[in-house]
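Engineer: Just passing along the structure, written as structure tokens.
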Amino acid sequence: AEYMGIPAGESLKDLIDQSISSGSGSGLPLLVQRTIAKQIQMIQQVGKGRYGEVWMGKWRGEKVAVKVFSTPEEASWFRETEIYQTVLMRHENILGFIAADIKGTGSWTHLYLITDYHEKGSLYDFLQYTTLDNRALLKLAYSAACGLCHLHTEI
């Protein structure tokens, strides 16, 4: 049975792969993006920053990262969402965008940015607690350079 336009049994990877092959380039179809906040189970806060909190959540049985912005940070949420939703954003060296959504009641509104979840946290967190040998350091630098190159490629 379908749930909010999502065929039963489809994994997050299946949905994203379909989105990429359909030409939209990043994230899930808009209908799914506009309903995902109601479907995510927030498990544990894993970080807090200038613009909000980052939570590990579960959606359709898979772990996702949920960056939660409060209403005063709407401009930051909008800017980040806009960047992720550009065509050709999906790349192995760039954090995978899943969806952006808004969840609220009469008294509060939270703005969600949902991305792939990485067990080792952000790059900043990883580097704080990890000592890299020369080979790993070169691999990390190469990976970052590939991601930056993709971001700055003319469309």
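Engineer: Any chance segment 104-111 includes a residue that's without any contact (Cβ under 8 Å) to a residue 40 or more places away in the chain and either more than 18 Å from ILE40 (Cβ to Cβ) or surrounded by 14 or more Cβ atoms within 10 Å (Cβ to Cβ) (or both)? Break it down into steps so the answer makes sense when it comes.
Structural biologist: As a first pass, look at segment 104-111 and keep what is without any contact (Cβ under 8 Å) to a residue 40 or more places away in the chain: 104-109.
From what's left, either more than 18 Å from ILE40 (Cβ to Cβ) or surrounded by 14 or more Cβ atoms within 10 Å (Cβ to Cβ) (or both): 106-107.
Looking for residues that are without any contact (Cβ under 8 Å) to a residue 40 or more places away in the chain and either more than 18 Å from ILE40 (Cβ to Cβ) or surrounded by 14 or more Cβ atoms within 10 Å (Cβ to Cβ) (or both), one finds at least one in segment 104-111, hence yes.
Engineer: Tell me which residues, restricted to segment 97-129, are aromatic (Phe, Trp, Tyr) and within 16 Å of THR35 (Cβ to Cβ). Full working, then the answer.
Structural biologist: Filtering segment 97-129 for residues aromatic (Phe, Trp, Tyr) gives 97, 108, 112, 117, 124, 126, 129.
The one that is aromatic (Phe, Trp, Tyr) and within 16 Å of THR35 (Cβ to Cβ): TYR112.
Engineer: Okay, moving on. Regarding TRP55, is this residue over 26 Å from ALA144 (Cα atoms), modelled with pLDDT of 90 or more and crowded, with 18+ Cβ neighbours inside 10 Å? Quick ask: steps written out before the conclusion?
Structural biologist: Working: over 26 Å from ALA144 (Cα atoms): no; modelled with pLDDT of 90 or more: yes; crowded, with 18+ Cβ neighbours inside 10 Å: yes.
No; evaluated as a whole, the condition is false for this residue.
Engineer: Applying the selection to segment 112-124, what residues are surrounded by 14 or more Cβ atoms within 10 Å (Cβ to Cβ) and over 14 Å from THR71 (Cα atoms)?
Structural biologist: Within segment 112-124, the subset surrounded by 14 or more Cβ atoms within 10 Å (Cβ to Cβ) is 112-118, 121-122.
Correct list: ILE114, THR115, ASP116, TYR117, HIS118, GLY121, SER122.
Engineer: Please specify each residue of segment 130-153 satisfying the condition of being without any contact (Cβ under 8 Å) to a residue 12 or more places away in the chain, within 23 Å of the chain's Cα centre (by Cα) and loosely packed, with under 10 Cβ neighbours inside 10 Å.
Structural biologist: HIS152
Engineer: Follow-up. Check whether at least one residue in segment 88-99 is within 19 Å of GLY49 (Cα to Cα), more than 13 Å from the chain's Cα centre (by Cα) and not acidic (Asp, Glu), and report yes or no.
Structural biologist: no
Engineer: Using beta carbons and a limit of 9 Å, which pairs, at least six apart or on different chains, have the first residue in segment 77-98 and at pLDDT below 85 and the second one loosely packed, with under 12 Cβ neighbours inside 10 Å?
Structural biologist: THR86/ILE155; VAL87/GLY23; VAL87/ILE155; LEU88/THR153; LEU88/ILE155
The values are calculated or read from the model by the stated rules, or taken from the named source; none is laboratory data. Small disclaimer: the values here were computed from a predicted structure and weren't measured. Here Cβ is always computed from backbone atoms with ideal geometry, including for glycine, and neighbour counts include all displayed protein chains.
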